[in-house]
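Encoded as structure tokens, the structure appears first; notes follow it.
The values are calculated or read from the model by the stated rules, or taken from the named source; none is laboratory data. Not measured: the values here are computed from a predicted model. With ideal geometry, Cβ positions are generated from the backbone for all residues, glycine too; neighbour counts draw on all protein chains shown.
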Amino acid sequence: MAREQRAAKEDPVRLKVWVNTKLAETWEERDGESLDAEGLMLRREAYGPAVPAPVAVLTCGIDVQDDRLELELVGWGRDEESWSIDYRVLWGDPSTPALWLELDAYLDGRFAHETLPEGLRIDAACLDTGGHHTLAAYAFCRGKERRRIWAIKGGGGAKPIWPKRPSRANKGKVNLFTVGVDSAKEAIFARLKQTPPGAGTLHFPLDRDAQYFEQLTAERKRTRYVKGFAQQFWWKPDNRRNEALDCRVYASAALHGLIAMGLALNKRVDALPERPLTKTRPAPAGVHSIAPPLKPTPRRRRVVPSRYL
């Protein structure tokens, strides 16, 4: 137990599990506590344009709005330490094919890496289907499970981040995964309070602006009483936007989906080369900390072997 406690003490998410399961005690959360967006901006780091050397897995979270898609590309290292690699808005009408073709090309690209000459592909992506343009989102995800592009919707309450199985009870007849968004937000907010580096901590590049951090910290946990029983819920002021938080939730869910499939994240990290490449590809003009996508390579129509997890 002592060894497990030492391994978990730096990561509040794993420490909570240890307190609940090993000590059989209740983990106490501070109700209504909010995060300081300006304080998070001060933690930005100068990394890029290539994906940082400790990153072994890339996942993407995509939020659908009426006139755009917003997405975040997240790199994952040892013990779920993460780096925000890219955040972008794809403008267009989600009811037309052009916008989805642009998203498909992005998800099919490779990204320059500091130690891997072949770069990294996106291992998994989660697309929210629960809000705007649901049928179009279903259509995009249909037939893409081999690429681990998953259709998801959010589920509140004390649900696991990734469900045991999907549902096909939807108009698109696709495998639809109900993501425990409350559990994901709880984990993200707990880890945002940590100072990097370390297990579970979050890293941000210099080009993340104030709006990104305001959206990332837009919500807070509150308590309401229903028939005398306390219920906790995530609350957002009406005038605040939270797309950045949603995208991070979906990117985190994609990682948990990979883990459910058998991904051993730390083993993937151990397999990375130790020495950085002598040359990395330059970033596009005007872009400072986004890893530039490399030219997509043709994909063979086959099931991906489990050894790549």
Matching residues in segment 87-120 - criterion: being in contact with a helix residue (DSSP H, G or I) (Cβ under 9 Å, 6 or more places away or on another chain), of a type outside the set (A, V, I, L, M, F, W, C) and touching a residue at least 12 places away in the same chain (Cβ under 8 Å): Tyr87, Arg88, Gly92, Asp93, Pro94, Ser95, Asp104, Asp108
Residues of segment 187-243 satisfying the condition of being under 18 Å from the mean Cα position of the chain (by Cα), part of a loop (DSSP other than H, G, I, E, B) and aliphatic (A, V, I, L, M): Ala199, Ala218
Test: Arg240 is at pLDDT below 80, surrounded by fewer than 18 Cβ atoms within 10 Å (Cβ to Cβ) and of a type in the set (D, E, K, R): no
Residue match in segment 117-132 (condition: touching a Gly at 6+ places or on another chain (Cβ under 8 Å) and on the phi > 0 side of the Ramachandran plot): no
Condition met for Gly131 (within 18 Å of Thr59 (Cα to Cα) and of a type outside the set (A, V, I, L, M)): no
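What do you reckon, is Leu58 surrounded by fewer than 23 Cβ atoms within 10 Å (Cβ to Cβ) and in contact (Cβ under 8 Å) with a residue 40 or more places away in the chain?
For Leu58, the condition - surrounded by fewer than 23 Cβ atoms within 10 Å (Cβ to Cβ) and in contact (Cβ under 8 Å) with a residue 40 or more places away in the chain - is not met.
Please find, among Tyr138, Tyr87, the residue that is more than 19 Å from the chain's Cα centre (by Cα), crowded, with 18+ Cβ neighbours inside 10 Å and either polar (S, T, N, Q) or not in a loop (DSSP other than H, G, I, E, B) (or both).
So the residue among Tyr138, Tyr87 that is more than 19 Å from the chain's Cα centre (by Cα), crowded, with 18+ Cβ neighbours inside 10 Å and either polar (S, T, N, Q) or not in a loop (DSSP other than H, G, I, E, B) (or both) is Tyr138.
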Segment 1-50 - residue that is in contact with a Leu (Cβ under 6 Å, 6 or more places away or on another chain), aliphatic (A, V, I, L, M) and surrounded by 12 or more Cβ atoms within 10 Å (Cβ to Cβ) and, of those, modelled with the lowest pLDDT: Ala8
Matching option when the condition is touching an Asp or Glu at 6+ places or on another chain (Cβ under 8 Å) and small (Gly, Ala, Ser), among Gly172, Gly143, Gly119, Gly157: Gly157
Checklist (1) modelled with pLDDT of 90 or more; (2) crowded, with 16+ Cβ neighbours inside 10 Å applied to Lys221, failing item: (1)
Any hit, segment 200-223, residues being in contact with a Cys (Cβ under 8 Å, 6 or more places away or on another chain) and in contact (Cβ under 8 Å) with a residue 40 or more places away in the chain: no
